[in-house]
Amino acid sequence: MDLYLIAHIAGRGVAIPTEQVDSVVDLGDVVAVPCAVPSVRGLSALRSRVLTVIDTGTALGIEPMPDDCRRAVITRIDGHHYAVLVDSLDDVARYEPLPLSSGLSLQHGWASAGRGLVDRDGDPLLVLDLAALVPGAHKVSAAAA
Amino acid sequence: MDDLLQEFVAETRETLEALAGEIVAWEAQPADRARLDAIFRFVHTVKGSCGFLDLPRLARLSHAAEDVLAAVRDGHRIPDTALVNAVLAIVDRIGEIVEAIDAGLSLDDSSEDLLIAALAENAAPASAPAPAMGHRAAARSVRLNVELLDRMMSGMSDIVLARNELARRLRDDDVDPRVEAALERLSVTVAEMRDTVTRTRMQKIDALFSALPRMVRDTAAELGKAVTLTLEGSDVELDREMIEMMRDPLVHIIRNALDHGIEAPSDRRVAGKRETGRLTVSARQSGNQILVEVADDGAGIDVARVAAKAVKMGLCSAAEVDAMSLAAREELIFAAGLSSKDTANAVSGRGVGMDVVRANIEQIGGRISLTSRPGRGLVITIQVPLTLSIMPTIVIGAGGQRFALSRASIDEIVTARGDTVRIDAVGDSAIATVRGERLPLVRLSALLGLPQTGEPGTLVIVGTRDGSYALGIDAVLDTEELVIKPAAPAVMATGLYAGQSLPDSGLPMLLLDGAGVATVAGLRFERAIAADEQAEAEAAAPAVPALLFEDLDGQRRAVPLAAVDRVETVDASSIRYVGGRLRLSADGAIVPLYSVATLDGRASLPVLRLTDRETDVAYAIAEPLDIVDLPTTMAPANGAGTVAGVVLIGGEPVEVLDPLALFAEAEPEPADATLCLLQDDGTGWMDQFLRPTLEAAGYRCVAAVAAGQRPAIALSMASGEREAGVTELGVPVVRLRRERAAGGEDATVYRYDRAALLAAMADTIATRRIG
């Protein structure tokens, strides 16, 4: 049994492993980053920290998150803090991780971000890997070399 | 120096404390390699620090211990109890001396010879002197964990933001003036506090550089080398932690450069370099990185030797080495336990250096790279992140957004509407002309895809390493000192930004990378040739200046400038054919005049007045053209005459006059001087170097035989080809060689051996007369 944060993205429920979650916040103003990839919505401040705000919808290859979307899950990847936008948050609970059902064909960004399933009272929820939503995070070392 | 000493004491004390456990563990298990390495590193570091702090006693002790430990590492010595005890006695002694230094006390050094002697194999164990502790001075400084400083810094930023928010809210309501006064006081305190906290972390890299000149001087002297050190970018500020972490690696790299890189003066002379080696240590900021470069002009990496050593040490197999690229083989110097030097000395040791250096740099998230140019030097670049470095910036507005731009990258800020500025469209790009200087113009809001508000109101002239350009922005809003942190990879991937910051407004701001903007905008600059390289080329081949002119026959010719006294215009009427040749009468004297063609009824013409300080001759020309540098390669002319050879100037062959031939023909030789024929090989060496010596010795030198002349002797280079004609004339020849050592034929004379040359000439002439 692992601990998961249940959230809604683009109308769908997802489970985020809590070890990936730093905190959950409502963001203040977001400053755009011109020329960055579309999934980077901009920068926002959380206390003295600068967060890179990820437009989760765009990162998943579906429609962008609404402009007034403020709720975000904060995660730390390679020493940088990211705010991953979500529609809403449900609760935190323990679930048994299950492999992706065989024959399940995920499209768009879901395919690369989906890690498995959890069963929430009969509803299957996709386990989401936040690092897969962050552009360039896993390519840093290759680009730097 | 005091600061350094303090730091050394604190550091050594701290390492000793940490080492105490290792020592006990090693004592219990002398075969434990990891413990051995830890102790080895400790004595090695102490040895290195002593080198530039001038602590000979410590240096001696640590060097002795290091020698023994190295022998153990290589398997030459067994770490038995006696050895362990002896090493531990030395480590203890180092601790005592360090405490004594700190307390400013003197410590009796009588027992140190015994301690060192005890390290020898089969030595009688030294009776350890009773440790004379108890005079440890009260510490005057506190060494802090940098993480603590980090937390302080981020807490400080939180306080500032909270203060700002409080001020904003209070402004909205009517508040008691006493509350306002209290807030004002809070603000001042917070600002002061922030400066202090910031200062605790930041340091100029000068703190690292200031110890280098002395260290380089001492190390070079120790090695018998002459080295000039140049430091650049001492005012680059960076995180104190970075400076701490870079100290040891930098010292190691510099010591390596002095010991392995820069050659001994005699070797440098042979290699055709100036005897004094050059070492440049520079720091600069590039994007969100600080680059520290150590460049020497030594021998570079001896790749073959490094590879052979790596194979010998068993680090990799010969087959693996064969499969490696050149870069990979050079990288072998970073392998553990490798040193290209076969014998260890007090300076750079046994390869504990580069692997530790790399580990230290990587530990702080940096990288180390090298560029080796065999025979010409090695450049080692340390690249460390700029985390937390503070930067003076200007805040600019473009397309309704704010950006920061490092003040260091800005040459100038001008308003686009001023009289001195013009903006022209050239094709699909634009050029800004600022006070007559043309610069490519980059419109920031267009480049960033932001809404454009007409023509840019302000131009910021941004200087990059390659060139300058004008950045068109809406307005300059503010100046601010910002703490810059690296931005997320997705942001850095744009290539436009050097980092991000959180100013007092509480809204994140991006720091533009001046060079990155130029690259993204597609600007291409012609890279300026480093002035230094140019100077080097000039030093290598001193150019001979010459006057280029158009001759009367329309040909371009040149004459060495040294031979030209002046160029003057004369009336054609002052040139007459008298006494068997053309002569120019001027200033009450008559000088012989050369002309390659008829004067063609010119009324006046320019004339070169050539002089060798005794004889004057004139040479009629059509027009003087330019002063040029003669190339060093000259093709010898066929049939000599007044032309010494042909050179390429501006892609065209140009005949170079032989002033000597002109003088020789002009002035019949006095019968008494011994005539010497110089058969130069076209380099002008004989004329420039040999002739003054020979003339001083009473010879009269010519480069070509004029009719009726009969040289008594001829000189030619051993490799010269023109001696056949001379031997036909029956003139004896003395041949000169370039090499100092005698070659296969014994009849040659080393060309710079003045005495031998004059003797050989006299002998040859004398033999001739007798025979």
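The values are calculated or read from the model by the stated rules, or taken from the named source; none is laboratory data. Just so we're clear, the structure is a prediction, and the values are computed from it rather than from any experiment. Cβ coordinates were reconstructed from backbone atoms using ideal geometry, including for glycine residues, and neighbour counts include every protein chain displayed. For accessibility, only protein heavy atoms count, side chains too; no ligands or nucleic acids. Shrake-Rupley method; radii C 1.70, N 1.55, O 1.52, S 1.80 Å.
Note down the relative contact order for chain B as a percent, whole number, built from C-alpha pairs under 8 angstrom at least six residues apart.
Result for chain B is 6 percent.
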Worksheet entry | Percentage, to the nearest whole number, of Cα pairs in region A:43-133 over 16 Å apart | 61
Worksheet item: Separation between the B:Ser187 and B:Ile590 pseudo-spin-labels, each 7 Å from Cα along Cα→Cβ, expressed in nm?
Response: 9.8
Item to complete: Working with all protein chains in place, sort B:Leu107, A:Leu125 by solvent-accessible area computed with a 1.4 Å probe, largest first.
Response: B:Leu107, A:Leu125
Practice prompt. For helix B:177-201, report the angle its Cα long axis makes with the longest principal axis of the Cα atoms of chain B; keep it between 0 and 90° and round to the nearest 10°.
Written response: 60
Worksheet, complete the sentence: Note on region A:12-81: alpha-carbon gyration tensor, axes a ≥ b ≥ c; rule is a/c under 1.5 for rounded, else prolate if a/b larger than b/c, else oblate; result rounded
Worksheet entry | For region B:31-40, Karplus couplings with θ = phi - 60° (6.51, -1.76, 1.60), whole Hz, Gly/Pro x | 7, 5, 5, 5, 5, 4, 4, 4, 5, 4
Worksheet item: Out of residues 5 or more away from B:Glu481 or on other chains, whose amide H comes under 5 Å of its own, with H placed 1.01 Å from N in the peptide plane?
Response: B:Thr393
Practice prompt. Could you work out the relative contact order of chain A, using alpha carbon pairs under 8 angstrom and six or more residues apart, expressed as a whole percent?
Written response: 27
Worksheet entry | Dipole of the protein assembly as shown, positive end: most advanced residue of B:Ala38, B:Val236, B:Val734 [Cβ charges, Cα centre] | B:Val734
Worksheet item: So, counting K/R as plus one and D/E as minus one, what does the shell of residues with Cβ under 12 Å around B:Val281 add up to?
Response: -2
Response to the item:
For B:Glu222 and B:Arg566, extending 7 Å from Cα along the Cα-Cβ vector and measuring point to point gives, in nm, a value of 6.3
Discussion item. Defining a contact as two alpha carbons under 8 Å apart and six or more residues distant in sequence, what relative contact order in percent does region B:379-492 show?
Written reply: 35
Worksheet entry | Stokes-Einstein D in µm²/s, Kirkwood radius over Cα pairs - the protein assembly as shown at 20 °C with 1.002 mPa s viscosity | 60
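For n ≥ 4 DSSP H runs only, could you compute -39500 (n - 2.57) per run for the protein assembly as shown, divide by its residues and tell me the 222 nm figure to the nearest 500?
-10000 deg cm²/dmol
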Worksheet item: So between B:Gln452 and B:Arg305, what do we pick up on full extension, going 0.36 nm a residue minus the alpha carbon distance?
Response: 46.9 nm
Worksheet, complete the sentence: For B:Glu695 and B:Asp113, extending 7 Å from Cα along the Cα-Cβ vector and measuring point to point gives, in nm, a value of 6.7
Worksheet, complete the sentence: Answer in debye to the nearest 20: the dipole magnitude of chain B about its Cα centre, from +1 Lys/Arg and -1 Asp/Glu charges placed on Cβ, is 660
Worksheet item: Could you list log10 I(q)/I(0) for chain B at q = 0.05, 0.06, 0.07 Å⁻¹, which the Debye formula gives when each Cα is one point scatterer?
Response: -0.48, -0.66, -0.82
Worksheet item: How big is region B:558-671 by Rg and Dmax over its Cα atoms, in Å?
Response: 14.5, 44
Worksheet item: So what's the net charge close to B:Ser445: Lys and Arg +1, Asp and Glu -1, counting the other residues with Cβ under 14 Å from its Cβ?
Response: 0
Worksheet item: By how many degrees, 0 to 90 and rounded to 10, does the Cα axis of helix B:146-172 deviate from the longest principal axis of chain B?
Response: 80
Worksheet entry | Positive-pole candidate from A:Ala36, A:Leu104, A:Leu46, dipole of chain A, charges at beta carbon | A:Ala36
Fill in: Among A:Ile9, B:Leu444, B:Ala756 - extreme Cα towards positive end, dipole of the protein assembly as shown, charges at beta-carbon
B:Ala756
Worksheet item: Expressed as an acute angle from 0 to 90° and rounded to the nearest 10, what is the orientation of the C-alpha long axis of helix B:240-256 relative to the principal long axis of chain B?
Response: 40
Practice prompt. Please give the net charge around B:Val520, taking every other residue with its beta carbon less than 13 angstrom from that of B:Val520, where Lys and Arg add +1 and Asp and Glu add -1.
Written response: +1
